[in-house]
Amino acid sequence: MNILSLTNISRNFGQVTALKGIDLEVAPGELRAVIGPNGAGKTTLFNLVSGAFPPSSGEIRFNGELINRLSPEKRVHAGIVRTFQITEVFLELTVSDNLRVAVETAMHFNRWPFISAAKRKVVQERIDDLIESTQLGGKEDRIVGELAHGDQRVVEVAIALAMDPRLLMLDEPTAGMGDTETEHMVRLIRHLHDERGVPMLFIEHDMNLIFDIADRITVLDNGSFLAEGTPDDIKGNEDVQAAYLGGAA
């Protein structure tokens with residue numbers, strides 16, 4: 001069974017149709033990319049899946065369950081976790097404290113004024129695991145606002161991982177990064193995909209990155225489905241070349 005299924009999804013904003021008749025599926029463990037020109041509907045699609053607003057028509061199913069009207073909070077607890085194009089972190093806190101907030105929230109410990117020493121140990125072990133998984137070792141006591149942009153993006157991914165995602169949605173994970181930072185993020189995505197089997201749905205404008213790491217690619221154009229397939233399929237698709245790749249092979 002697919003972990004995520006969108007069937008004939010449309011979304012209207014007044015007289016404007018942002019998405020129309022979109023079908024999309026994400027299989028367990030799949031790395032699925034969504035691409036398209038500006039205004040293609042990529043962010044609207046992400047907002048529909050993460051629960052920012054419901055579709056105007058169609059169905060969204062997560063692990064077979066209809067989630068059209070499920071709140072964003074309940075979707076997170078169900079396992080749908082996303083990052084944003086603009087980094088969402090606590091800039092004034094350390095890396096560890098950012099992760100502590102996320103871990104305690106995921107474990108529902110944030111509801112209590114105090115937690116036991118045993119629970120604090122569990123939280124710290126989870127923080128240590130996240131720092132190791134995301135290669136943030138040595139930076140755990142740094143104030144996030146003082147870190148380079150690429151490291152801040154990695155912290156955001158670590159926060160998302162703290163929620164134990166069953167589907168991780170990454171909105172332009174390498175936006176604003178230099179080559180070295182991009183390479184680090186690519187290694188992280190590969191690690192999470194290969195070692196942990198986390199299925200991902202991501203938006204990205206770096207076509208070399210997309211073609212390098214995606215299992216399958218969905219292409220949107222002007223709110224409509226344009227094409228879908230493997231990176232090789234998309235590279236050779238004339239409609240995609242005309243609409244998005246500028247005619248490049």
Checklist entry - Count the lysine pairs in the chain that are 8 or more places apart or on different chains: how many have C-alpha atoms under 29 angstrom apart? => result 9
Checklist entry - Given H placed on each backbone N at 1.01 Å, which residues far from ARG82 in sequence or on other chains put an amide H within less than 5 Å of it? => result MET169
Item to check | For the chain, built as a Gaussian network whose Cα springs stay under 10 Å, the top-fluctuating residue of ILE143, ILE217, ILE159 | outcome: ILE143
Item to check | Rg [Å, one decimal], Dmax [Å, integer] - the chain, C-alpha atoms | outcome: 18.6, 61
Next on the checklist: Taking R0 as 25 Å, what FRET efficiency do you get between ASN38 and LYS235 from their Cβ-Cβ distance, rounded to the nearest 0.05?
Outcome noted: 0.75
Next on the checklist: Please return the longest range in the chain lying between exposed loop sites, taking trypsin sites (Lys or Arg not before Pro), DSSP loop only, at most 15 other beta-carbon atoms within 10 Å, and leaving the sites out.
Outcome noted: 143-249
Checklist entry - Which of ILE217, VAL81, PRO54 sits closest to the plus end of the dipole of the chain, meaning its Cα is farthest towards the positive end, when Lys and Arg get +1 and Asp and Glu get -1 on the C-beta? => result PRO54
Checklist entry - THR17 to ASN63: FRET efficiency via 1/(1 + (r/R0)^6), r the Cβ-Cβ distance, R0 25 Å, to the nearest 0.05? => result 0.30
Checklist outcome for this item: Answer check: region 1-126, Cα atoms, Kirkwood Rh, Rg/Rh ratio of 1.05
Checklist entry - With labels modelled as points extended 7 Å from the Cα through the Cβ direction, what inter-label distance (nm, one decimal) is found for GLU132 paired with PHE90? => result 2.4
Item to check | With Cα atoms, 0 to 90° folded angle of helix 117-133 axis to the chain main axis | outcome: 50
Item to check | Potential lengthening between ASP215 and HIS77 on full extension [0.36 nm per residue; Cα-Cα distance subtracted] | outcome: 47.1 nm
Next on the checklist: Need one number: nm distance between label points at ASP179 and TRP112, each 7 Å from Cα along Cα→Cβ, rounded to one decimal.
Outcome noted: 5.1
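None of the figures in this text is laboratory data; all of them are computed from the coordinates on show. Since the structure is predicted, the reported quantities are computational estimates derived from the model, not experimental observations. Every residue, glycine as well, gets a Cβ built from its backbone with ideal geometry; the counts of neighbours run over all protein chains shown.
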